[in-house]
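Let me begin by presenting the structure, written as structure tokens, before commenting on it.
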Amino acid sequence: MQLIYPLSTERLIIRALTPDDVERHHVLFADPDVVRYLYFGPFDRPAAQEHLARRSIVDLPVEGGWINFGVEVKGEGVLIGELAMGFVSATHAHYEVGYVFDPAYAGHGYATEGTAMIVELAFSGLGAHRVSGRLDARNDPSAGVLERLGMRREANFIENEYVKGEWTDELVYAILAPEWRALHGPAKVFEFRN
């Protein structure tokens, strides 16, 4: 099943990633500050191109899979970030979200606005019961995004992952469908095709 694009928020266009995004994808993932809390280090251009090819999938994820989205500011036509949504469990109707944004666009609320749309997609479009986000415990800006969405911090795992040569702590945030509806109003309608 495929989502019909683009999705639109007040200020953003959320769309499928394409091979044409390679330059901006490389800029994002070559920045040491952007990838600081990710599982991999900065990419050179060939690695960015390969990474983008794996992320340019338009089918909605099956259990255990992910879908990625490009984000642009309306009217600018520049990829400013990427959103991700993983289908954690069909049995538990659980999805996970993630996001990466160009630091040059920080401080405008774009990460929160874009992530809100994919959380909404998980709940009203895909029937999620629970949506979560996991992050390195040192990543305060990322925690702020999830908190602004109304997610609660449910776990703080101490030194549970060995990443880039060091033990790291991980935070888990989550929100349930009824909590999301109470905070964000009526469900949005999404269109899909097989």
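Some points to look at:
- Cα gyration tensor category, rounded, prolate or oblate, for segment 73-160 with a/c compared to 1.5: oblate
- Backbone geometry of segment 182-194 corresponds, through the Karplus equation with coefficients 6.51, -1.76 and 1.60 at θ = phi - 60°, to 3J(HN,Hα) couplings of 4, 8, 10, x, x, 5, 8, 9, 10, 10, 10, 9, 7 Hz, x marking Gly and Pro.
- Taking chymotrypsin sites (Phe, Trp or Tyr not before Pro) across segment 34-74, the ones in a DSSP loop with at most 10 further Cβ atoms lying within 10 angstrom of their Cβ are Tyr39.
- Segment 2-193 - charge dipole about Cα centre, Lys and Arg +1 at Cβ, Asp and Glu -1, debye rounded to 20: 480
- Chymotrypsin sites (Phe, Trp or Tyr not before Pro) restricted to segment 150-194 and DSSP loop, no more than 15 other C-beta within 10 Å: Phe190
- Theoretical ellipticity at 222 nm over the chain - DSSP helices of four or more residues, -39500 (n - 2.57) apiece, nearest 500: -7500 deg cm²/dmol
- Under 5 Å from the amide H of Val88 lie the amide H atoms of Gly64, His94, Tyr95, Glu96, each residue being 5 or more positions distant or on a separate chain, with H modelled from the backbone and absent for Pro and chain starts.
- Computed from backbone phi, the HN-Hα couplings of segment 122-128 come to 4, 6, 8, x, 10, x, 5 Hz, rounded to whole numbers (Karplus: 6.51 cos²θ - 1.76 cosθ + 1.60, θ = phi - 60°; Gly and Pro given as x).
- Segment 1-61 versus segment 101-152: alpha-carbon centroid distance in Å: 16
- Distance between the pseudo-spin-label points of Asn194 and Phe157 (7 Å out from Cα toward the beta carbon): 3.8 nm.
- Per-pair calculated FRET efficiency, R0 = 30 Å: Leu176 and Arg45 via Cβ, rounded to 0.05: 0.10
- Shape category assigned to segment 1-131 from the gyration tensor of Cα positions, a/c cut at 1.5: prolate
- Springs between Cα atoms under 10 Å define the GNM used for the chain, and in it the highest mean-square fluctuation of Gly150, Gly107, Gly41 occurs at Gly107.
- Here's the picture: a label point sits 7 Å out from the Cα of Thr91 along the beta-carbon direction, and within segment 119-147 the residues with their amide nitrogen under 19 Å of it are 128-132.
- Gained length - Glu147 relative to Lys164, 0.36 nm times residue gap less alpha-carbon distance: 3.5 nm
Where a number appears in this text, it was derived from the coordinates with a stated rule and is not lab data. A quick note: this is a predicted structure, and the numbers were derived from the prediction, not measured. FYI the Cβ positions are ideal-geometry reconstructions off the backbone, even for glycines, and counts take in every protein chain you see.
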